[in-house]
Structures are given as structure tokens and as C-alpha cells.
């Protein structure tokens with residue numbers, strides 16, 4: 001696997017694997033955007049605004065590639081990819097409201113322009129449309145998985161709201177990143193396999209492929225929170241820790257520096273955290289071996305994911321999925 | 001059909017039709033409450049609090065009776081009834097947050113005790129569980145209907161947020177009460193028929209039964225907003241009009257009194273409304289013929305509903321549904 005520095009910046013800007021699904025993705029975008037037809041005009045405008053903000057579309061890309069690899073029927077795959085991205089979008093709309101975030105993907109969030117009531121309802125509407133699309137894949141186990149995944153995500157967010165601040169615990173971290181990110185990415189590859197003409201063993205492999213990729217994805221996000229360029233990540237460096245959220249780099253740092261004043265503050269259960277001490281801790285973590293150790297763990301998840309990547313004669317999709325997997329741990333934002 | 005004054009108060013307090021489904025309803029309650037198992041403790045407590053607040057359980061009662069009338073399989077019917085009530089509950093949780101309501105059904109709303117973020121997420125969680133239960137009825141058309149109904153409800157709430165204030169328009173009113181109330185009640189009887197061993201004609205009859213009943217239900221709510229006892233309704237008299245929401249009694253009053261100062265203010269598009277003028281208007285509507293006219297319209301919907309009540313040898317359920325239909329327009333809260 002290439003190291004983080006081996007991929008050129010231009011490669012990261014427009015990774016090739018996106019181009020393999022470009023035509024499909026246009027159909028996915030169109031399907032998402034038409035969900036506001038026949039709706040109240042302000043709602044339609046809000047949906048346009050949110051979807052127009054773009055985003056990497058990692059999830060539908062992953063779903064499309066996995067489904068094509070496994071021979072999923074075209075129309076159902078497009079529907080599934082749109083359902084997955086809308087579910088993700090709905091959770092972002094409510095998340096931004098909860099965090100009071102004013103910008104996402106460089107443009108204003110809905111709640112920066114709309115009232116909280118309108119934002120809550122727009123998120124609900126997008127949930128409803130995601131559920132409708134999921135139902136239109138005509139696959140009941142997929143529908144159940146979809147509902148279950150939403151419950152896992154929301155339960156995880158509530159746990160983060162109530163208990164995670166200031167907690168430094170490996171198991172809690174693993175549960176949290178599963179709920180926050182890996183559950184939906186796992187669902188994406190799992191569901192793509194479910195609607196494909198493949199046996200249960202392949203479905204389970206596809207699930208594990210997505211699960212491990214999802215874990216790697218969030219670990220990388222947590223590393224980038226320390227190492228990323230503010231301009232590219234769009235948040236201040238160490239924003240998680242500033243908010244009392246202990247992620248993998250900090251967990252490694254705690255292991256190695258139990259006597260660091262910031263570490264002692266966290267382990268002592270002092271919350272809210274002293275921001276001056278935290279600022280020092282962020283700098284210390286950034287430049288410590290905790291970063292390469294966390295990166296290594298992310299890469300190990302990617303390696304594990306690739307072990308579960310179903311074998312297939314479809315060479316193009318398989319290579320694109322390998323590229324996508326490497327992109328996840330090599331990206332800069 | 002009995003007049004509004006012909007039903008004794010005690011009859012209204014514990015209508016007999018509820019007792020026909022008492023055993024089933026206990027299973028529905030248990031199924032709803034166990035949705036929080038394995039969840040974050042605060043979320044579990046919130047779910048307990050919300051479900052413990054009770055409510056009339058009109059929707060699951062209607063679903064259970066309709067399903068039993070039509071021979072729906074027992075377990076799927078219980079699951080459907082729980083899904084319907086949880087969907088309703090989730091919309092109430094977000095509604096109360098949006099309205100800033102501190103009390104519902106005489107007990108504190110979630111947002112009176114919790115932060116807005118926790119309330120948003122709890123509503124989302126209940127949506128997720130409702131969707132999961134709907135999927136567990138193993139009926140894809142039902143699942144699509146479920147998602148579509150959620151979209152209709154939310155779109156209606158957004159329309160109310162953006163455009164309905166101060167609007168006096170019959171068609172807009174009809175659309176609004178369909179979205180707000182009738183759509184879910186229509187879904188309830190429709191879905192109960194969908195999972196029953198009956199033909200398409202009966203399914204369509206069951207849908208129209210629910211649709212008309214739902215329209216009557218909201219019209220009666222709108223009448224009670226003027227005529228109800230504050231203690232029983234739990235809101236100030238005329239609260240809709242005070243908030244700029246023109247409902248059926250006011251629409252009839254406007255027809256008959258185009259020169260009333262309050263009417264001229266509304267028709268002139270003056271919004272926000274002058275509260276002193278509105279207080280006079282509320283009193284005028286309360287004591288005018290607009291109330292019996294609106295009531296008559298509600299009753300006409302009930303009569304129409306009963307024309308669509310499927311014929312059946314199941315005498316007990318059929319009579320209970322007739323009683324439930326009459327209860328809707330005879331209730332005091």
C-alpha cells in the first residue's frame with residue numbers, strides 16, 4: 001500500500017475511480033434532486049441548496065462500484081445509491097443543527113439560513129425520501145437494514161451527546177466510530193450485495209469489506225482533525241479534542257504520555273476541559289508518534305477490508321474499489 | 001348519528017370500542033416500549049417518558065379493529081399498529097420542539113426537559129424504530145406507503161411554517177388537514193387492509209374509510225379549538241387563530257361576516273394579526289353558526305367514512321369501528 005505521501009495532490013483531487021461511475025452518478029444526482037418535486041417551494045429550494053453543496057459522494061460511489069462488481073440490476077442500484085446518500089444527507093442536516101455549524105463543504109448550512117424548525121423538518125423530509133427510495137429497491141431485508149442503520153447512527157449521536165465528552169476509552173471509541181461512520185458504509189456495500197445475484201458468503205464478504213473501510217474512513221477523519229490543513233478540512237485543528245471528544249490519536253498519545261498535564265486532566269475526568277491545556281495537548285499529539293500509529297491502524301483496516309473484497313472477473317470495478325480504499329487513507333480532507 | 005350532546009360524559013371517557021382491543025393494545029404498548037432496549041440509557045428513559053404520557057391511542061385502535069375486521073394476521077397487525085403509533089409519536093416530538101410546547105397530554109414534553117439536540121435525535125430514533133417495525137410487516141407496498149406518508153406529513157408542516165399563516169383558503173385548508181392528520185389515519189386503515197386477505201376493492205374501501213375519518217378527526221380538533229374546555233383541550237381557546245392559522249370554523253364565519261373587522265384584517269393579508277381584534281374574532285366565531293356548520297361538515301365526513309366501512313361477518317369489530325367513528329365527532333377533547 002502506498003504511504004500517505006506517495007500519492008500526488010492532483011491524484012487526490014480527482015481520483016480515477018470516481019470517473020468509472022460518472023454516468024451512473026449523474027442518474028443518482030438526478031434521482032436525489034427530483035425528490036423535492038411536487039413539494040412546497042421553500043423545501044425544494046432547501047433540497048437544491050443542500051445537494052448543490054456537493055460533497056465527495058464517497059458512499060454512492062462505493063455502492064455503485066460494489067453493485068456493479070457483483071452484477072446488481074442497474075435501476076435498483078441507482079435507487080439504492082440515492083437512498084444511501086440521502087440518508088447520509090439527512091443525518092448531516094440534523095447534525096449541523098445540533099452542532100450549530102454554519103458552514104459545511106464550504107457553503108452555508110441550512111441552519112445558518114433557516115430557522116431550527118425548518119431545518120428539523122427538512123431533515124425529516126430527506127429521511128422520508130431516503131426511506132421511500134430504500135423501499136423502492138423492493139428488498140425487505142435491505143429495508144430493515146436501512147432502518148436499523150438509522151437507529152444505530154442516531155443512538156450513537158445521542159451517546160456522544162450524553163456520555164462521550166471527556167471519555168478516553170478504546171471500546172467506547174470503537175463503538176462510536178462504528179455508529180457514526182462505519183455503520184452506513186457497511187450498509188452501503190452490504191445492501192449493494194443484497195440486491196445482487198450472489199450467495200450469502202459473498203454478501204457477508206461485501207459487508208465486512210464495507211465495515212472495515214468505514215472504520216478506516218473515520219480513523220482517517222480523526223487523524224485529519226489533527227494533521228489536516230484548516231482550509232481543506234474546514235475546521236480548526238484539534239476541534240474534536242477542543243469539544244472534549246477523545247479520538248484515536250489522543251488515545252495513543254495517552255498510552256505513551258500518562259503524565260502529560262492534558263492527559264492527566266482527561267483521565268482525571270475533569271470536564272469541561274481547560275482550553276489552554278487542551279491547546280498544548282493538541283500540539284503535542286500532532287507532532288507525536290500517535291499520528292503515525294493511528295494512521296497505521298487506519299491502513300490496517302483498509303488492508304483487512306481488501307481481504308474481503310469479493311473476487312470477480314469485473315476487473316475495472318475491482319481495481320476502482322482498491323483505489324477507493326487506498327484513497328480513504330491517503331486523502332487530505 | 002347522535003348529536004354532540006347526546007353522548008354522556010362517562011361514555012366519552014372510556015369508550016367501549018377501546019376495550020375490544022385491550023389485550024392487543026397491551027402487546028402494542030410492550031412492542032413500542034422494547035424499542036429502546038440495548039440503547040443509550042437517556043434515550044431509553046426518554047422513550048419511556050414519551051410513551052408513558054399515554055394519549056388516546058386512536059390510531060393503533062383503529063388499525064387493530066380494521067385489521068381484525070378484515071382477518072389480518074395477528075402478529076403483523078400488532079407490528080403495524082406499533083409502527084403507526086411510533087411514527088405519530090416521532091412527529092409529535094419534533095412538533096413540540098418546533099412549537100416550543102412545554103406540555104402535551106398534561107405532562108412535560110421532551111423539549112421542556114431536554115436540550116433541542118437531544119429532542120431532535122430522539123425524534124429521529126423513534127422514526128427509525130417506526131420504519132423498522134413497518135419493514136417487519138414484510139410488505140413492501142406498505143413500506144412505501146409508510147415513507148410516502150411521512151413525506152406528506154413533513155411537507156405539510158413545512159407548508160404551514162412558510163405559507164399558511166393568515167391564509168384563508170378552502171383548498172389550502174383541505175390540503176393542510178389531509179397532510180397534518182388524515183394522511184396518517186388513511187395510512188392506518190389502508191395498511192391494515194393491505195396485510196389482510198382481502199381484494200383490491202376492499203383495500204380501497206378501507207383507505208377511503210380512513211381518509212374520511214381522518215378529515216373528520218382534524219375538523220373536530222379545529223372545532224374543539226374554539227369550543228373545548230381549556231382544561232380538557234390543554235390549549236387556550238382559539239389558539240390556532242391566535243397563531244394565524246385559519247381553520248374551518250373561521251372559514252365559515254368569513255363567508256357569513258365579510259365585514260367583521262377581524263375578517264377584513266385576515267382577508268386584507270395583514271399579518272401578524274392584531275391580537276385584540278383576534279380575541280374579538282375568536283369570541284364571535286365561538287358563538288356563531290360557523291361552529292354548527294363546521295360540526296356538520298365533520299359529521300358528513302364520518303357518514304361518508306361509514307359508507308366505505310367494509311362489510312363483514314365480524315359483528316363486534318364492525319360495531320366498534322362505527323362507535324369509534326362517532327366518538328371522533330362527539331369527543332370533548
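Residues that are over 19 Å from the mean Cα position of the chain (by Cα), at pLDDT below 95 and buried (at least 22 other Cβ atoms within 10 Å of the Cβ) do occur in segment B:44-54, at least one of them. Take residue B:313 and decide whether it is outside any helix (DSSP H, G or I) and without any contact (Cβ under 8 Å) to a residue 12 or more places away in the chain. Here the answer is yes, as residue B:313 does meet what is asked.
Residue A:150 fulfils the conditions (1) under 30 Å from residue B:140 (Cα atoms); (2) within 13 Å of chain B (Cβ to nearest Cβ); (3) without any contact (Cβ under 8 Å) to a residue 12 or more places away in the chain except for a single criterion, (3).
Does residue B:164 satisfy the criteria of being at pLDDT below 90 and either buried (at least 18 other Cβ atoms within 10 Å of the Cβ) or under 19 Å from residue B:192 (Cβ atoms) (or both)? Considered against the rule, which asks whether it is at pLDDT below 90 and either buried (at least 18 other Cβ atoms within 10 Å of the Cβ) or under 19 Å from residue B:192 (Cβ atoms) (or both), residue B:164 comes out as yes.
Quick check on this structure: which one of A:137, A:181, A:167 is within 14 Å of chain B (Cβ to nearest Cβ) and in contact with a helix residue (DSSP H, G or I) (Cβ under 7 Å, 6 or more places away or on another chain)?
Details: A:181 fails: within 14 Å of chain B (Cβ to nearest Cβ); A:167 fails: in contact with a helix residue (DSSP H, G or I) (Cβ under 7 Å, 6 or more places away or on another chain).
Criteria check complete, one pass: A:137.
Among the residues of segment A:258-270, the ones that are closer than 26 Å to residue A:298 by Cα and within 30 Å of the chain's Cα centre (by Cα) come to 4 in all.
Among the residues of segment A:186-199, just one is more than 19 Å from residue A:138 (Cβ to Cβ) and more than 23 Å from the chain's Cα centre (by Cα), namely A:199.
Considered as a group, the residues in segment A:264-287 that are in a helix (DSSP H, G or I) and in contact (Cβ under 8 Å) with a residue 60 or more places away in the chain include one that is nearest to residue A:165 (Cα to Cα), and that residue is A:266.
When residue A:298 is tested against (1) over 16 Å from residue A:223 (Cα atoms); (2) crowded, with 17+ Cβ neighbours inside 10 Å, exactly one condition is not met: (1).
From the list A:61, A:91, A:122, the one residue that fits, being under 17 Å from the mean Cα position of the chain (by Cα) and within 13 Å of another protein chain (Cβ to nearest Cβ), is A:91.
The values are calculated or read from the model by the stated rules, or taken from the named source; none is laboratory data. Please read all numbers here as calculations on a predicted model, not as lab measurements. Heads up, the Cβs are rebuilt from the backbone with ideal geometry, glycines too, and the neighbour counts pull from every protein chain shown.
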